[in-house]
Structure formats: structure tokens, C-alpha cells
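Report on the structure given below.
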Amino acid sequence: MSISHAPPDSSSPDIPDTSTSTEGGRTASPTSPVPTPDIDLDLDLEPIRPSSSRRTRVPRWLRRTSGPVLLLLLWQILSATGALTPDVLASPGRIARVAGDLIADGSLPSAMGTSLRRVAAGLVLGAVVGTGLALLSGLFRVGEDLVDASVQMLRTVPFVGLIPLFIIWFGIGETPKVAIITLGVSFPLYLNVYAGIRGVDSQLIEAGESLGLSRWGLVRHVVLPGALPGAMTGLRYSLGIAWLALVFAEQINADAGIGFLMVQARDFLRTDVIVVCLIVYAFLGLLADFIVRSLERLLLQWRPTFTGR
């Protein structure tokens, strides 16, 4: 079988010219202009925008404050119409005047300072105990066998039910109050830090080992950063429980603090003072949560998260 090649000077091209076409027996010239239809290029085109960008943008601070403002407005209306009597719940105006009086005579700032010291002491002790036990149980199997079962058993016991025992053990001073807050803070931190440590991807551990990291290097550069989101979540839960525990703790023969003001107001049927103390609890808790969230954004910049739409 022979293969023939066209000579270099052959006039017949290897690839036929596809620009020539036969239409009705006539051959179109390659250089003949191709007729183009008349197209109106003057079109009114509008860019496509997502539906979310077409909505009217309301400032976020306005949306977040609209709920409390509407609640206060409804409260004032019910109080003005007599639906809420002062014996049941004082009006917002009355509460604002009472809050001003408590601030003016110095009783409210002094009570806030005492309560903040109790919460700070209990939070620090609870963070040390909860985080230490979580590290021991999460990093070592022996620690898990020794610690986890006992902690899981104790956390099912309501810490409020231990108040009588704490009074017998520690008396009626500051120690039982701080101990109750410490106990309430420890368990959320333990659970979240332990879950964060055990939730670290094992492939990251293998990658660290292949890079030659020591055991301490793995803990420092892999395990602890991976457990940090869980630890911050546990800290937020612990702060909420700390203020809840403070309410119960300051019922134990307290002679100062926000709870002491509430006990006095209860004895004299002062609903306005009770509501002022509750509002102070709420604002202190909101401020503490804001601080933790700011700290979380600062420490977790390496982790992109979904922030809503």
C-alpha cells in the first residue's frame, strides 16, 4: 500500500476553502460580502440586581432597638390606661424616676460594684476549674477516665440545690456566694472546651506529626486553636449562668449587692425597685456578652463564618 503526497508546488490546496458555498447552483465568491440582518443596537439595557439589594436598607441598630422600644411603648400605654396597676407593675416613667433616685443616693452604684466583684471572682475560679478539667480530660485518655464520669454526674445536680450544703460548709459570708457562681460557671466551660478538643480533625493531627511537631507543639498549634471556638461559646454560656447564679447567691443573708436591694424591695412591696434591679442585671449581662463577642471576633479572625443576609 502506497501513500502519495502532493508536491510542494501543487496548486490544489490540502484543505478546501470553506468560505465558498453553493446555493441554488451558484458558487459564492470568497470575497463577496455576507448579507447581515439589520439589528437595532440602541437597546435600553438594565443591569440585573439581586432582590436583596433592591430592598430598602434599614440600619441594623434601628432594627435591633425597635423591639425593646415597642415593648416599652406598649408597657407605658397599659400603665397609663390602668390595665397595669402600680401594685402589679410600675410604669416605665416611675421606674426611671426610682432609678435616678437610687443612682443619686449612691445605693445602686455600690450594689453594682459588690455584685460585679462576686461575679468576677466566681467567673475566674470557674474558668480555671472548668478549663483545667477539660484539658485534662480532653488531651489524655487517663484523665477522661478519671474526670469525665464524675463531672457528668455532678453537672446533672442543680447547683441551686447545693446552697444549703454551702451554707453549712462555708457559713453565710462571701464564700458560699462565690462558690455557687464558680460551680455554675465550671460546667458549661468544661463541656464546650472538652467538645472542642475532641472535635479537632484527626487529619490535622497527622499533618502536624508529619511536619515533625512534638506533643506540646501539636497541642499549642493544632489542638488549642481548634478548640478555641468551643471555648468562646462556653464562656458566653458561663457568663449567662454566672448572673443567674448571682441572683440565688445574693439571697443568702446578703447585706450588699443588687440581690440585697431586691430582697428589701420585696419586703416593702416595691415593684419599681425590683424592676430596676432586674434591668441592671439584664444590662450587665448584655455588656458582658458584648465583651465576649468582641473578644471572639478578635481571636477568631482566621475562621471565616456565615454572618447572615
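The values are calculated or read from the model by the stated rules, or taken from the named source; none is laboratory data. Keep in mind the model is a prediction, meaning the values are calculated, not measured. All Cβ positions, glycine included, derive from the backbone under ideal geometry; neighbour counts span all protein chains shown. Side chains included, ligands, DNA and RNA excluded: accessible areas come from the protein's heavy atoms. Shrake-Rupley method; radii C 1.70, N 1.55, O 1.52, S 1.80 Å.
A few notes on this one:
- Boolean, L218 is farther than 29 Å from D289 by Cβ and crowded, with 18+ Cβ neighbours inside 10 Å: yes
- Looking only at region 173-188, and only at residues there that are more than 14 Å from R118 (Cβ to Cβ) and not polar (S, T, N, Q), the one that is surrounded by the fewest Cβ atoms within 10 Å (Cβ to Cβ): P188
- Within region 118-173, tally of residues that are under 21 Å from D255 (Cα atoms) and touching a helix residue (DSSP H, G or I) at 6+ places or on another chain (Cβ under 6 Å): 8
- Near pairs, Cβ below 8 angstrom, 6+ apart or cross-chain, from region 220-240 (under 18 Å from S137 (Cα atoms)) to any residue that is among the small types (G, A, S) and outside any helix (DSSP H, G or I): G226/G199; A227/G199; G230/G199
- Selection of region 250-262 for residues being open to solvent by 20 Å² or more (accessible area, probe 1.4 Å), under 21 Å from L239 (Cβ atoms) and at pLDDT 80 or above yields only M262.
- Of the residues A195, A179, the single one that is over 26 Å from L300 (Cα atoms), in contact with a helix residue (DSSP H, G or I) (Cβ under 6 Å, 6 or more places away or on another chain), of a type in the set (G, A, S) and at pLDDT 85 or above is A179.
- The residue that is farthest from the chain's Cα centre (by Cα), counting only those in region 241-273 that are of a type in the set (D, E, K, R) and over 19 Å from T175 (Cβ atoms), is D267.
- Qualifying residue in region 249-258 (condition: polar (S, T, N, Q) and without any contact (Cβ under 8 Å) to a residue 24 or more places away in the chain): yes
- Of all the residues in region 263-290, those that are within 17 Å of V119 (Cα to Cα), aliphatic (A, V, I, L, M) and open to solvent by less than 30 Å² (accessible area, probe 1.4 Å) number 3.
- Given (1) surrounded by 19 or more Cβ atoms within 10 Å (Cβ to Cβ); (2) modelled with pLDDT under 85; (3) not in a loop (DSSP other than H, G, I, E, B), number of the condition V247 does not satisfy: (1)
- Region 195-215: number of residues that are open to solvent by 40 Å² or more (accessible area, probe 1.4 Å) and in contact (Cβ under 8 Å) with a residue 24 or more places away in the chain: 4
- Counting only residues that are open to solvent by 70 Å² or more (accessible area, probe 1.4 Å), farther than 13 Å from Y190 by Cβ and hydrophobic (A, V, I, L, M, F, W, C), region 142-158 holds 2 of them.
- Any chance A242 is open to solvent by less than 40 Å² (accessible area, probe 1.4 Å) and outside any helix (DSSP H, G or I): no
- Looking at region 35-140, the helices (runs of 4 or more DSSP H) lying wholly inside it that each contain 3 or more residues that are modelled with pLDDT of 85 or more and open to solvent by 50 Å² or more (accessible area, probe 1.4 Å) sit at 60-80, 92-104, 107-139.
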